[in-house]
Each structure stands twice: as structure tokens, then as C-alpha cells.
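Chemist: Okay, handing you the structure first.
The values are calculated or read from the model by the stated rules, or taken from the named source; none is laboratory data. Predicted model, so just to flag it, every value in this text is computed and none were measured. Every residue, glycine among them, receives a Cβ derived from its backbone with ideal geometry; neighbour counts consider all protein chains shown.
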Amino acid sequence: MKRTVASFALFLLVACGQEVHTGSEDVNVAPSKVYERCFDLEPGREFAYGFKANGSLRFNLHYHEGKEVVYGVPERLAADANGVYEPEREAEYCLMWTNANPRIIKLAYDYTIR
């Protein structure tokens, strides 16, 4: 039943002319390295994201305004998180994870842009 409701909701969004983009990826973040995934977002869209890792990573969602970095989701230490972000301006927004651990951290993330 849950899948039927989700499929119907997706159908309604597509039928109303608003494309839905989804994706997921599993990556290894090496010690002292950064993994970043960027998306073109605009006002009126919702960006839902979630992740799980086998250790804590520094995580944020940001975009660049000239040389300034603007945080939509401020940096914090986390092994998992999820949220929904509604962009206030058109920009390339990036999910970013930094591994300050002495070992490789396995990261699995997913996203939906509505």
C-alpha cells in the first residue's frame, strides 16, 4: 500500500508538469578527504536528502555566491541525517561530507528533487 501511495504521488507530480529526480549512491570517503555531490536547484522545488555512514562525517549543504560559501544546512558532525531543503535562490547546491577519521568511511546517500 505504501508503494502504491508513493507511486500515485509521483504520478501526480509528473502529471502536473514538475519533473521528479531521484538518485542514490554508495561511496567510500578516504581519510582527510571530501566527497561532494552538487545539484542545480531553484525556488519552488524541494530537495529531500538522506544519508547513513559507518562513522561520523562533517556534513553540510551549501552553495557559492561569488567567493562566499552560503550554508543552507550548516556543517555538523553526523553519521546519518535526512531533511528537506527549499532553495531560496537558483544556484548549484552541494551536499558535502568531510572525513576527519583515520580510516575509510562508507557513505550511502539518496536524494529526491521535486
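Chemist: Considering only the range 34-73, state which residues are of a type in the set (S, T, N, Q) and free of Cβ contacts under 8 Å to residues at least 40 places away in the same chain.
Modeler: Once the filter is applied, which keeps residues that are of a type in the set (S, T, N, Q) and free of Cβ contacts under 8 Å to residues at least 40 places away in the same chain, the range 34-73 yields only Asn60.
Chemist: Kindly provide the set of residues from the range 39-53 that are loosely packed, with under 14 Cβ neighbours inside 10 Å and outside any loop (DSSP other than H, G, I, E, B), ordered by number.
Modeler: Asp40
Chemist: I've got another one for you. It is to be established whether one or more residues within the range 55-77 are among the charged types (D, E, K, R), under 14 Å from Arg114 (Cβ atoms) and at pLDDT 95 or above.
Modeler: There is no residue in the range 55-77 that is among the charged types (D, E, K, R), under 14 Å from Arg114 (Cβ atoms) and at pLDDT 95 or above.
Chemist: Next up: Only one of Tyr93, Tyr109 is more than 18 Å from Pro43 (Cβ to Cβ), touching a residue at least 40 places away in the same chain (Cβ under 8 Å) and of a type in the set (Ser, Thr, Tyr); which?
Modeler: Tyr109
Chemist: On to the next question. Answer with yes or no whether Val29 is more than 12 Å from Cys94 (Cα to Cα) and touching a helix residue (DSSP H, G or I) at 6+ places or on another chain (Cβ under 8 Å).
Modeler: Answer is no for this residue.
Chemist: Return the residues of the range 52-99 that are in contact with a Pro (Cβ under 8 Å, 6 or more places away or on another chain), closer than 18 Å to Glu25 by Cα and among the acidic types (Asp, Glu); say none if nothing qualifies.
Modeler: Once the filter is applied, which keeps residues that are in contact with a Pro (Cβ under 8 Å, 6 or more places away or on another chain), closer than 18 Å to Glu25 by Cα and among the acidic types (Asp, Glu), the range 52-99 yields nothing.
Chemist: Continuing with this model, one more query. Would you check if Pro102 is more than 24 Å from Pro31 (Cα to Cα), touching a residue at least 12 places away in the same chain (Cβ under 8 Å) and outside any strand (DSSP E or B)?
Modeler: Spelling it out, it is not the case that Pro102 is more than 24 Å from Pro31 (Cα to Cα), touching a residue at least 12 places away in the same chain (Cβ under 8 Å) and outside any strand (DSSP E or B).
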